[in-house]
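The values are calculated or read from the model by the stated rules, or taken from the named source; none is laboratory data. Keep in mind the model is a prediction, meaning the values are calculated, not measured. Please note: Cβ atoms are built from the backbone with ideal geometry, for glycine as well, and neighbour counts cover all protein chains shown.
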Ligand SMILES: [Zn+2]
């Protein structure tokens, strides 16, 4: 492990965590400027580009010979809100306790911004001869849908960020299952279909309840949607992920995992073989299109039965499925009395697990952890990949961090959770892995 490089990532992350970039409102400018200053002093000229007042993106390019196409390293600089009263240590103080650096963004994903800038600085200072340009993009607004960050960059300055391949969130972390250590490398993410559903009926007086009111109809529709997952799909990236895990797990689990994707028995198996409700939800999200009811609105006066009730619906589509199919599945649940309006849609993003970069990332991981098993991974959420994919970029979720299995920290709960933190040693380790991966790929 390269101690100096690791220290540098810890230093940069500490500084970034102390800058509150909670989105909304974002205000990523100070974080973008901090990274820009460090990149400039390493001789990599940065551009700080504002998409709106205070909403800054930083892009810098370490030039190679151009014999081969560029590699993009990308991290969003905004974070989701943190309620200090629910944290063990303050979320914007970057304190170290028990070997962990605490703070909102420690995992999602200022860690990768710090690691990537440390790597770019190092390659620049060492004057490593590169055949590919290495581009760093620290972007705004991922947590609110990417409009002021990656989407804006891709629309307004595509020439700055166009690359053959990109590395970013989510993946590369150690995942401990049944005594084995896996390193999921993300090659797929679900698409987005945001919608608004509305029920309409006669308004009336609150003294005379109406079982067919808009509120009642919408409530029943939401209950139907929530009681039963949408139909199962055998999505290729999910099947690949489950098979890759199964190949290294003990017999009973190995036999079970790939069968979860079988539309005939998968749901039954999941219900009976996986007991943890969170795990059930995680698997369900990889095995079906999903729709979460989120924002409910109806009525404005306590004694008036409103004539309209609406719910905003966060829909997610699997690779291989799409908006039309999800809409069909959703309408079957909601019934004929509820209208559905589309608000926003983005396709699922998939990258080629057969690309030489995937094999290179896998080799780099196992060189640093010979017991680790890299696996191609799909996430139910979205990332900036959905914007960069529009430029034809193959996106891999690869922000390596090693967790100590003895600490039993559920990685998934750190994302947007209270007490977000990163193991300092795991961050150092990951920075060395990232360095070797980037250098090996680009030189
Ligand atoms: Zn993130």
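If the requirement is being over 23 Å from residue 171 (Cα atoms) and buried (at least 20 other Cβ atoms within 10 Å of the Cβ), which of these qualifies: 96, 79, 10, 44?
44
Just to be sure, is residue 340 assigned to a strand (DSSP E or B), more than 16 Å from the ligand (Cβ to nearest atom) and closer than 30 Å to residue 2 by Cβ?
Numbers: assigned to a strand (DSSP E or B): yes; more than 16 Å from the ligand (Cβ to nearest atom): yes; closer than 30 Å to residue 2 by Cβ: no.
The answer is no for residue 340.
Being in contact with a helix residue (DSSP H, G or I) (Cβ under 8 Å, 6 or more places away or on another chain), in contact (Cβ under 8 Å) with a residue 24 or more places away in the chain, buried (at least 17 other Cβ atoms within 10 Å of the Cβ) and within 30 Å of residue 206 (Cβ to Cβ) narrows it down to one of 310, 284, 290, 238, so name that one.
On the way: 284 fails: within 30 Å of residue 206 (Cβ to Cβ); 290 fails: within 30 Å of residue 206 (Cβ to Cβ); 238 fails: within 30 Å of residue 206 (Cβ to Cβ).
Exactly one residue qualifies, and that residue is 310.
Would it be correct to say that residue 57 is within 16 Å of the ligand (Cβ to nearest atom), outside any loop (DSSP other than H, G, I, E, B) and more than 21 Å from residue 404 (Cβ to Cβ)?
On the way: within 16 Å of the ligand (Cβ to nearest atom): yes; outside any loop (DSSP other than H, G, I, E, B): yes; more than 21 Å from residue 404 (Cβ to Cβ): yes.
Taking the combined requirement at face value, the residue satisfies it.
If residue 387 satisfies every condition in (1) within 16 Å of the ligand (Cβ to nearest atom); (2) part of a helix (DSSP H, G or I); (3) in contact with a strand residue (DSSP E or B) (Cβ under 8 Å, 6 or more places away or on another chain) but one, which is the exception?
Status for residue 387: all satisfied but (3).
Could you say which residue among 320, 299, 315, 335 is at positive phi and within 21 Å of the chain's Cα centre (by Cα)? Even if it seems obvious, please write down each step before you answer.
Details: 299 fails: within 21 Å of the chain's Cα centre (by Cα); 315 fails: at positive phi; 335 fails: within 21 Å of the chain's Cα centre (by Cα).
Result of the check over 320, 299, 315, 335: 320.
Does region 315-331 hold any residues that are closer than 17 Å to residue 292 by Cβ and surrounded by fewer than 16 Cβ atoms within 10 Å (Cβ to Cβ), and which are they?
Step one: list which residues in region 315-331 are closer than 17 Å to residue 292 by Cβ, which gives 315-318, 321, 323, 326-327, 329-331.
Of everything in region 315-331, just one residue is closer than 17 Å to residue 292 by Cβ and surrounded by fewer than 16 Cβ atoms within 10 Å (Cβ to Cβ), namely 331.
To keep it simple, each residue is scored yes or no on (1) under 19 Å from residue 78 (Cβ atoms); (2) within 16 Å of the ligand (Cβ to nearest atom); (3) assigned to a helix (DSSP H, G or I).
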site: 146; (1), (2), (3): yes, yes, no
site: 151; (1), (2), (3): yes, yes, yes
site: 163; (1), (2), (3): no, no, no
site: 199; (1), (2), (3): no, no, no
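Provide a single number: the residues in region 82-117 that are assigned to a strand (DSSP E or B) and within 9 Å of residue 422 (Cα to Cα).
Our first condition is that a residue be assigned to a strand (DSSP E or B); within region 82-117, this holds for 96-97, 100-102.
Remaining after also requiring within 9 Å of residue 422 (Cα to Cα): 100-102.
Here the count works out to 3.
Looking at 396, 415, which is the one that is in contact (Cβ under 8 Å) with a residue 60 or more places away in the chain and surrounded by fewer than 24 Cβ atoms within 10 Å (Cβ to Cβ)? Give the derivation first.
Working: 396 fails: surrounded by fewer than 24 Cβ atoms within 10 Å (Cβ to Cβ).
Going through 396, 415 in turn, the sole match is 415.
Can you name the number of the only condition in (1) modelled with pLDDT of 95 or more; (2) surrounded by fewer than 24 Cβ atoms within 10 Å (Cβ to Cβ); (3) within 19 Å of residue 414 (Cα to Cα) that residue 202 fails?
For residue 202, the failing item is (3).
Can you tell me which residue is nearest to the ligand (Cβ to nearest atom) among those in region 419-443 that are part of a loop (DSSP other than H, G, I, E, B) and either under 19 Å from residue 76 (Cα atoms) or touching a strand residue (DSSP E or B) at 6+ places or on another chain (Cβ under 8 Å) (or both)? Let's see the steps before the verdict.
Restricting attention to region 419-443, the residues satisfying the condition of being part of a loop (DSSP other than H, G, I, E, B) are 419-420, 443.
Narrowing the set further to residues that are either under 19 Å from residue 76 (Cα atoms) or touching a strand residue (DSSP E or B) at 6+ places or on another chain (Cβ under 8 Å) (or both) leaves 419-420.
Values: 419: 17, 420: 11 Å.
Here the answer is 420.
For region 297-307, give me each residue that is part of a strand (DSSP E or B) and either touching a residue at least 40 places away in the same chain (Cβ under 8 Å) or farther than 19 Å from residue 194 by Cα (or both). Reasoning before the result, please.
Of the residues in region 297-307, the ones part of a strand (DSSP E or B) are 297-298, 304-305.
Matches in region 297-307: 298, 304, 305.
Give the residues of region 99-120 that are away from the ligand (no atom under 16 Å from the Cβ) and either on the phi < 0 side of the Ramachandran plot or at pLDDT below 95 (or both), sorted by residue number. Walk me through how you get there before you give the answer.
Just the residues of region 99-120 that are away from the ligand (no atom under 16 Å from the Cβ), to begin with: 99-102, 117-120.
Residues satisfying the conditions are 100, 101, 102, 117, 118, 119, 120.
Any idea which of 353, 370, 319 is within 26 Å of residue 386 (Cβ to Cβ), part of a loop (DSSP other than H, G, I, E, B) and assigned by TED's automatic domain parsing to the domain that holds residue 178?
Numbers: 370 fails: within 26 Å of residue 386 (Cβ to Cβ); 319 fails: assigned by TED's automatic domain parsing to the domain that holds residue 178.
When all the criteria are applied, what remains is 353.
Kindly indicate the residue of region 221-230 that is in contact (Cβ under 8 Å) with a residue 12 or more places away in the chain and out of contact with any helix residue (DSSP H, G or I) (no Cβ under 6 Å at 6 or more places or on another chain) and also surrounded by the fewest Cβ atoms within 10 Å (Cβ to Cβ) among those meeting that condition.
In this case the residue turns out to be 228.
State all residues of region 129-144 that are in contact with a strand residue (DSSP E or B) (Cβ under 9 Å, 6 or more places away or on another chain) and away from the ligand (no atom under 16 Å from the Cβ); if no residue qualifies, say none. Give the derivation first.
We begin by selecting, within region 129-144, every residue in contact with a strand residue (DSSP E or B) (Cβ under 9 Å, 6 or more places away or on another chain); these are 130, 132-143.
Correct list: 130, 132, 133, 134, 135, 136.
In the set 269, 245, 278, which member is under 19 Å from the mean Cα position of the chain (by Cα) and either modelled with pLDDT under 95 or more than 29 Å from residue 198 (Cα to Cα) (or both)? Quick ask: steps written out before the conclusion?
Details: 269 fails: under 19 Å from the mean Cα position of the chain (by Cα); 245 fails: under 19 Å from the mean Cα position of the chain (by Cα).
Matching residue, one of 269, 245, 278: 278.
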